[in-house]
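Each value in this text was obtained by applying a stated rule to the coordinates, not by laboratory testing. Predicted model only: the values in this text are computed from it and were never measured. Positions of Cβ are backbone-derived with ideal geometry, glycine not excepted, and every protein chain shown enters the neighbour counts.
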Amino acid sequence: MQILYEDNHLLAVVKPCGLATMGLAEGEETLLTRSKEYIKQKYNKPGAVYLGVVSRLDVPVSGVVLFARTSKAAARLNEQFRTHSVEKIYVALVEGLVDPPEGEWIDWICEDERHRKVWLTREGQGKEAKLQYCTLHKTNNNYKTNNNSLVEIHLETGRKHQIRVQFAGHGFPIFGDRKYGAETIFPEGIALHALRLTVTHPTTQQRIVLMAPIPVIWKKFTEKSLL
């Protein structure tokens, strides 16, 4: 497991695609159970390990995930997410040339629990979803030469599947995301990565920047240096 930051209050790790953050049946491995086992082994803790889930990612998504090691830290960090004082930056490989190449999307989304998806809906219905994006460059791959985009995304709200459904809804589905209409095959999960998370430390009040390296598999699809 790749550790990005660790102290008595926080634990930040890199989630690989294909692993659930949490929420599976008892006995099934998740990033949460894996992280608890890491803490238990490292500090030789005899009892149950507390980790509060502060951020989470969809199963096919990779990148930064932050846990709180105390309930007080969890409460303070959750408040930062609630008030949008954290900075969440993602990168994605998407089908098509995003036009305009940078901008802000404000959409409304609703959840279809039966099909475990979300949908764009009419303004004022569902929940507001807001993000800003910037095209870093066009990409080359074995499927569509120069007809795709590498984008950086500043996520302002944190709705379920938000980035995935907004990009698909605007005509630019994420590589590998068959659930939302992508045609381009991606070998591991989908091409969405939580690159950077910036939070205020719950006790020191210092700003902490957490960065997760881009998965190696992305090099086959883009020559752009991301870090």
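Check the stretch 34-56 and report whether any residue there is surrounded by 15 or more Cβ atoms within 10 Å (Cβ to Cβ), closer than 21 Å to Pro215 by Cα, in contact with a His (Cβ under 8 Å, 6 or more places away or on another chain) and not acidic (Asp, Glu).
no
Given the condition part of a strand (DSSP E or B), touching a residue at least 24 places away in the same chain (Cβ under 8 Å) and not aliphatic (A, V, I, L, M), answer yes or no: does some residue in the stretch 90-100 qualify?
yes
Can you tell me which residue among Glu111, Glu79 is out of contact with any Phe, Trp or Tyr (no Cβ under 6 Å at 6 or more places or on another chain) and closer than 30 Å to Pro187 by Cα?
Within the list Glu111, Glu79, the selection yields Glu111.
Among (1) touching a Pro at 6+ places or on another chain (Cβ under 8 Å); (2) β-branched (Val, Ile, Thr); (3) surrounded by fewer than 19 Cβ atoms within 10 Å (Cβ to Cβ), where does Val94 come up short?
Checking Val94 against (1) touching a Pro at 6+ places or on another chain (Cβ under 8 Å); (2) β-branched (Val, Ile, Thr); (3) surrounded by fewer than 19 Cβ atoms within 10 Å (Cβ to Cβ), the one that fails is (3).
What tally of residues in the stretch 31-64 results from selecting those that are β-branched (Val, Ile, Thr) and farther than 23 Å from Arg196 by Cβ?
Adding up the residues that qualify gives 3.
Would you be able to say whether some residue in the stretch 102-116 is surrounded by fewer than 15 Cβ atoms within 10 Å (Cβ to Cβ), of a type in the set (Val, Ile, Thr), free of Cβ contacts under 8 Å to residues at least 60 places away in the same chain and in a strand (DSSP E or B)?
Within the stretch 102-116 (the criterion being surrounded by fewer than 15 Cβ atoms within 10 Å (Cβ to Cβ), of a type in the set (Val, Ile, Thr), free of Cβ contacts under 8 Å to residues at least 60 places away in the same chain and in a strand (DSSP E or B)), the answer is yes, since at least one residue qualifies.
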